[in-house]
Amino acid sequence: MTHRALVVGAGNAGKAHAEALASIGIRVVGPLSGTAAVADPAPLRDPAIDVVHVTTANDLHLPLVREALRAGKHVVCEKPLAADLHGAEQLAELAASSGRRTTICQNYRFLPLLAELASRVAGGELGAIHLARGGFLQDWLLLETDADWRLDTSRGGVSRTAADVGVHWLDLVESIIGQPVEAVVAQVGYLHGRKTEDHAGLLIRFAGGLQGICTLSQASAGRRNEVELSLDGTVGSATWRSERMDELWLGTRDRGPRVITRTQAVSASARALSGRPGPDEGRRNLLAAFYVSLDGVPPPVPLPTFDDGLRHVRFAEAVILSARNRGWVELAEVTMPITRAEL
C-alpha cells in the first residue's frame, strides 16, 4: 500500500524524520511548523495523509497528536509522549480507543546489535539477568550560553535529562529484559541556575527485582552522544556502546570475552535490521518497521507503544520527585504531574 506522511515540527527532528522517510520511499509533506499546525490544524485532516509525525517541542505533542488521532490518522510521536503526566495519560487513552496505529521514537532498540542482544537474552545465553548498568552522556548544554527550548519548563516539562535521554536507556533495558520499571531513587544536578536537570545518578528497580544503575548527563565535555548498556547475568555479561555500535561484547567466567560484529549477528531480528547501515539507522529502521506494520507485516522487534511513552513520562517525573524528597519513588504512586511552581 502507498502511504503519505505529514511531518509536523520544522526543527532538527522534523528534518531527520523527513529525510528518513524519503530514504525508505515514503511520500512526505513538510516539515511544517508545529505552532502553525496548532493554530490551523487543517493539514492534519487532509484525506491524502494517512500518517502524522509529531516532532515538535514537547508542549505541542498533546494538541497535535490528539487532533491527528481524532482525524483518523496513524501517529508517530517523538519522545517524550507529552510534556506532563496528564497529557501523556490523555494520549495513551486516545490511542487505545482510536483504532489507529501509534508509536514513540525509541530508535535505539532498532539497531542491529541491540536486537541481537535482545535475542540472546531471550534465548538464555546470559542466564537470569540481575543487574543493568550504563548511562547516556552528552555535552551540548554544558555552557551557560548554550540555549534550547528544552531549558524552558513551559515547553519541555519539569524534567529534561531524564525525559530526553534517560528514557532511551530505560527503554532499552525494558525492551530487552521484558520487565518494566517499578521504582527509582535519584539525585540530580543543575548548572547555571537552570530549572531542569543537567545530570542525574539513578538507582532503578524493575519488575522481577532486576536492579539498574544509570548515569545521565547533558553537560559532560567531549561526550557527544554516548550510550552504554551492560547486562550482567548468572551465566554471562554483555555490553553495547554507541561509539562502537556494530559490536557487542560478551563475557563469561570460563573463557575470554568475545566481540560479535554486525556481520556475525545470528538472530533473525538483527539480520532484518542490518540491510541499510549508516547515519540515523535506528530511526530509519523504526520508521520502516512502522510503515510495513500498517500493511500487516510484523516488525522485526516490537514497536514502542504510547503505553511505553506514558510509563516513561511517569518515570521522568518520578526522578524529579525522588531527588526532591530524597527517597525511593514507586511509579504507581506518581499520579499527579509536578507543576512548575513546585520546582
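The values are calculated or read from the model by the stated rules, or taken from the named source; none is laboratory data. Just so you know, these numbers come straight off a predicted model, no measurement behind them. Note: ideal-geometry Cβ built from the backbone for every residue, glycine included; neighbour counts use all protein chains shown. Please note that ligands, DNA and RNA were not included when accessible areas were found on the heavy atoms of the full protein model with its side chains. Shrake-Rupley method; radii C 1.70, N 1.55, O 1.52, S 1.80 Å.
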- prompt: So how much slack lies between residue 4 and residue 39, counting 0.36 nm per residue of separation and subtracting their Cα-Cα distance, in nm?
  reply: 10.4 nm
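Only four residue types carry charge here, +1 at the Cβ of Lys and Arg and -1 at the Cβ of Asp and Glu. Report the dipole size of the chain about the Cα centre in Debye, rounded to the nearest 20.
Dipole magnitude for the chain comes out near 520 debye.
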- prompt: Using a Förster distance of 22 Å, how high is the FRET efficiency between residue 122 and residue 252, based on the Cβ-Cβ distance and rounded to 0.05?
  reply: 0.80
- line: So, over other residues within a Cβ distance under 14 Å of residue 19, counting Lys, Arg +1 and Asp, Glu -1, the net charge is +3
query: How much accessible surface does residue 29 have with a 1.4 Å probe, in Å² rounded to 10?
result: 40 Å²
query: Among residues other than residue 141 whose Cβ falls under 11 Å from its Cβ, what is the net charge (Lys/Arg +1, Asp/Glu -1)?
result: -4
- line: Here the gain from full extension of residue 149 to residue 48, 0.36 nm per residue of separation minus their alpha-carbon distance, amounts to 33.2 nm
query: How do 36-44, 84-92 rank on mean C-beta neighbours within 10 Å, highest first?
result: 84-92, 36-44
query: Per the helix-only calculation at 222 nm, which mean residue ellipticity applies to the chain, given -39500 (n - 2.57) for every DSSP H run of n ≥ 4 and division by its residues, nearest 500 deg cm²/dmol?
result: -9500 deg cm²/dmol
task: Please give, to one decimal in nm, the separation of the simple spin-label points placed at residue 140 and residue 264, each 7 Å out from Cα toward the Cβ.
output: 3.3 nm
task: Rank-order 101-110, 223-232 by packing density, defined as the average count of other C-beta atoms within 10 Å over each peptide's residues, highest first.
output: 101-110, 223-232
- prompt: Which residue, chosen from 234, 297, 321, occupies the Cα position most advanced towards the positive end of the dipole of segment 227-343, where the dipole is computed from +1 (Lys, Arg) and -1 (Asp, Glu) charges on Cβ about the Cα centre?
  reply: 234
statement: For the chain, the accessible surface attributable to carbon and sulfur atoms (probe 1.4 angstrom, ligands and nucleic acids excluded) amounts in percent to 51 percent
task: Using only Cα atoms, locate the centre of segment 135-194 and the centre of segment 249-263, then give the distance between them in Å, rounded to an integer.
output: 31 Å
statement: per DSSP, antiparallel bridges as share of beta bridges in the chain, % nearest 5, sits at 65 percent
task: Which order do the peptides 327-335, 172-180 take when ranked by the mean count of other beta-carbon atoms within 10 Å per residue, highest first?
output: 172-180, 327-335
message: Just to confirm a number: summing +1 for Lys and Arg and -1 for Asp and Glu over residues other than residue 277 whose beta-carbon lies under 12 angstrom from that of residue 277, what do you get?
response: 0
